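Asker: Can you keep this structure in mind? I'll have questions shortly.
Readers should treat all values here as calculations from the given coordinates under stated rules, not as data from a laboratory. Keep in mind the model is a prediction, meaning the values are calculated, not measured. Every residue, glycine as well, gets a Cβ built from its backbone with ideal geometry; the counts of neighbours run over all protein chains shown.
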Amino acid sequence: MYENLAILAVLAFAFSVVSGRIERSIITGPMIFLAFGLVAGPYGLGFLNSDVKAVELRVIADLTLALVLFIDAANTDLVTLRSHARIPLRLLLIGLPLCIALGVGVGMVVFPGIALLEVCILATMLAPTDAALGKGVVTNKAVPGRIREGLNVESGLNDGISVPVLFVFLALATGTGGDNSTSALALELVAREIGIGAGVGVVMALVGVKVISICAKRGWFTDVWKQIPVVSLALACFATAQTLDGSGYIAAFVGGLLFGHFAKEHTHKLVMAGEGISELLSLLTWVLFGGMVGKYLPGITLDVVIYSLLSLTLIRMLPAIIALAGLGEKLETKLFLAWFGPRGLATIVFCIIVANENLPSESVLIRAVICTVTLCVLAHGLTANPWAKGIARRLKSD
């Protein structure tokens, strides 16, 4: 245990002291961490003897995703978002359903031996996006705000929306849907997951901001403990919603939006500690995922690679471009928004959920997810900074 801790601590220290230099390059943190987990893990050189079970990995990934969603939402510019809400709304309401539908259609062709419901599960697992893998896009202030906030809000909400859809397909595939009709089951799950999640996020954020405001005015905060409320509030939103059978991801994102709105100019200072913790948890998650890549990589077949490549391109990009039609955006802007829909932490969490269901084609589904996420880490990481700088320059000159 201490050997693993020493290795991970040295990795975190080494990356932290050069992180600014790395973020300005085409190399990203997830690339380094995933590669380290692959090389150093039990299926590589073996000096990182991680024996993490699926449940433990899900807890780590869940907490990481909840914290990232809360902080990203808190940093969202709501003024810009209100002015350009059409982009994320189109991507969520039109692009997301089309992405799942196209993913199912392509999956039936590429994997003819897999049952329809299992193909639906795969398409849903690969539907949510992770803006953190294209960090150079959402953090580059030179990129127009409507683009940055559009991608950030899309990635913050599409994983929470995908959760009930995934559970519907899982219930039908495993025969646990009961006597309810498919449509009734879907409506019930969607209403419960989204409704409870949003409600919990609103209530806890309002209460949290009010308590922080009162205590800050009375001088009850210490310099050390004032770094803790945001982290604990984010995790409380997530865990409370999950306990009540709602979507913890939506609770974390909605809670973060309201927190950032009411905290106003104090937001950045309050979330700073949480950002550091979320980066550390992300490091751990990607290292452990790298170990999973080492386990499943030898069994990846040509059909899995083909589907993964199509998932990065056609399955994500065509629905997004269709969804953005009629908004008056240039073709490059549409391609930019369509391309930067990488699959990341949410897809990993979904994969862990599915891995516990003992589906007939489980190994194929897991390998397809692992292959797609790995390609996303590389492709979107390498293109984020160069394309962000390029499109910012071209749009500014127009």
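Asker: Of GLY299, GLY328, GLY260, which has the largest mean-square fluctuation in a 10 Å C-alpha GNM of the chain?
Answerer: Maximum among the listed residues: GLY328.
Asker: Could I ask something else about it? Stokes-Einstein at 20 °C, 1.002 mPa s, Kirkwood radius from Cα pairs: D for segment 1-125 in µm² s⁻¹?
Answerer: My calculation gives 114 µm²/s for D.
Asker: Decide, for the chain, between rounded, prolate and oblate: order the square roots of the alpha carbon gyration tensor eigenvalues as a ≥ b ≥ c, take rounded if a/c falls under 1.5, and otherwise choose prolate if a/b is larger than b/c, else oblate. Write out the running numbers ahead of the final one.
Answerer: Details: a/c = 1.24, a/b = 1.17, b/c = 1.06.
Rounded.
Asker: Another question, then. Can you compute 3J(HN,Hα) from phi for each residue in segment 375-392, using the Karplus curve 6.51 cos²θ - 1.76 cosθ + 1.60 with θ = phi - 60°, rounded to whole Hz and x for Gly and Pro?
Answerer: Karplus-based 3J(HN,Hα) across segment 375-392 equals 5, 5, 4, 6, 5, 6, x, 5, 9, 4, 5, x, 6, 4, 5, x, 5, 5 Hz.
Asker: Right, another one. Between rounded, prolate and oblate, where does segment 308-387 land on the alpha carbon gyration tensor, with a ≥ b ≥ c its root eigenvalues, rounded for a/c under 1.5, else prolate if a/b exceeds b/c? Don't skip to the answer; put the middle values down first.
Answerer: Values: a/c = 2.97, a/b = 1.97, b/c = 1.50.
Cα axes put segment 308-387 in the prolate bin.
Asker: Next question, about the same structure. What is the distance in Å between the Cα centroid of segment 260-327 and that of segment 115-171?
Answerer: What the calculation gives is 8 Å, centre to centre.
Asker: So, one more: Based only on other Cβ atoms within 10 Å, what is the fewest-to-most ordering of MET108, MET31, MET292? Can you show the working numbers first?
Answerer: Working: MET108 14, MET31 18, MET292 27.
Going from least to most buried by this count: MET108, MET31, MET292.
Asker: Now, a different point. Using θ = phi - 60° and the Karplus relation 6.51 cos²θ - 1.76 cosθ + 1.60, list the HN-Hα couplings for segment 301-306 in order, rounded to whole Hz, with x at every Gly or Pro.
Answerer: Listing the rounded values in order: 9, 4, 5, 5, 5, 4 Hz.
Asker: As an exercise, identify the trypsin sites (Lys or Arg not before Pro) in segment 34-128 lying in DSSP coil whose Cβ has no more than 16 other Cβ atoms within 10 Å.
Answerer: Numbers: sites: LYS53, ARG58, ARG82, ARG86, ARG90; in loops: LYS53.
Of the trypsin sites (Lys or Arg not before Pro), the ones in loops of segment 34-128 whose Cβ has at most 16 other Cβ atoms within 10 Å are LYS53.
Asker: Which value, in debye to the nearest 20, describes the size of the charge dipole of segment 56-165 about its Cα centre when Lys and Arg Cβ atoms bear +1, Asp and Glu Cβ atoms bear -1, and nothing else is charged?
Answerer: Working: 8 positive and 9 negative charges, 98 e Å.
The dipole magnitude comes to about 480 debye.
Asker: Let me ask another. Pull up the cross-link candidates among the lysines for LYS334, meaning alpha carbon to alpha carbon under 25 Å and not fewer than 8 places away within one chain.
Answerer: LYS135, LYS141, LYS389, LYS396
Asker: In a Gaussian network model over the chain where Cα atoms closer than 10 Å are linked, find which of SER232, SER308, SER278 has the largest mean-square fluctuation.
Answerer: SER232
Asker: Helix-derived [θ] at 222 nm for the chain: sum -39500 (n - 2.57) over DSSP H runs of at least 4, divide by residue count, nearest 500?
Answerer: -24500 deg cm²/dmol
Asker: Which of the lysines could a cross-linker bridge to LYS269, judged by Cα under 18 Å and excluding same-chain residues fewer than eight apart?
Answerer: LYS210, LYS217, LYS226
Asker: Could you work out the relative contact order of the chain, using alpha carbon pairs under 8 angstrom and six or more residues apart, expressed as a whole percent?
Answerer: Numbers: 570 pairs, mean separation 124.2, N = 398.
Reported as a whole number, the value is 31 percent.
Asker: List the chymotrypsin sites (Phe, Trp or Tyr not before Pro) in segment 1-99 that DSSP assigns to loop (not H, G, I, E or B) and whose Cβ has at most 13 other Cβ atoms within 10 Å. Which are they?
Answerer: Within segment 1-99, the qualifying chymotrypsin sites (Phe, Trp or Tyr not before Pro) (loop, at most 13 other Cβ atoms within 10 Å) are PHE47.
Asker: Using unit Cβ charges (K, R positive; D, E negative) and no other charged atoms, how large, in debye to the nearest 20, is the dipole of segment 2-397 about its Cα centre?
Answerer: About 1560 debye.
Asker: Compute, for segment 8-85, the length of the dipole vector about the Cα centre, with Cβ point charges of +1 (Lys, Arg) and -1 (Asp, Glu) only. Units Debye, rounded to 20.
Answerer: So the dipole magnitude of segment 8-85 works out to roughly 140 debye.
Asker: Work out from phi, with θ = phi - 60° and the Karplus expression 6.51 cos²θ - 1.76 cosθ + 1.60, the ³J(HN,Hα) of each residue of segment 14-30, listed in order in whole Hz, and give x for Gly and Pro.
Answerer: 4, 5, 4, 7, 10, 4, x, 5, 5, 5, 8, 9, 8, 8, 10, x, x
Asker: Okay, next question. Using a 10 Å cut-off around each Cβ, can you sort LYS264, LYS269, LYS334, LYS295 from fewest to most neighbouring Cβ atoms? Don't skip to the end; give the middle numbers.
Answerer: Numbers: LYS264 8, LYS269 12, LYS334 19, LYS295 15.
Fewest to most other Cβ atoms nearby, the residues stand as LYS264, LYS269, LYS295, LYS334.
Asker: Counting other Cβ atoms within 10 Å, keep those with at most 16, restrict to DSSP loop, and tell me which GluC sites (Glu not before Pro) in segment 296-374 are left.
Answerer: Values: sites: GLU329, GLU332, GLU357, GLU362; in loops: GLU329, GLU357.
Here the GluC sites (Glu not before Pro) that fit, given the DSSP loop and packing criteria, are GLU357.
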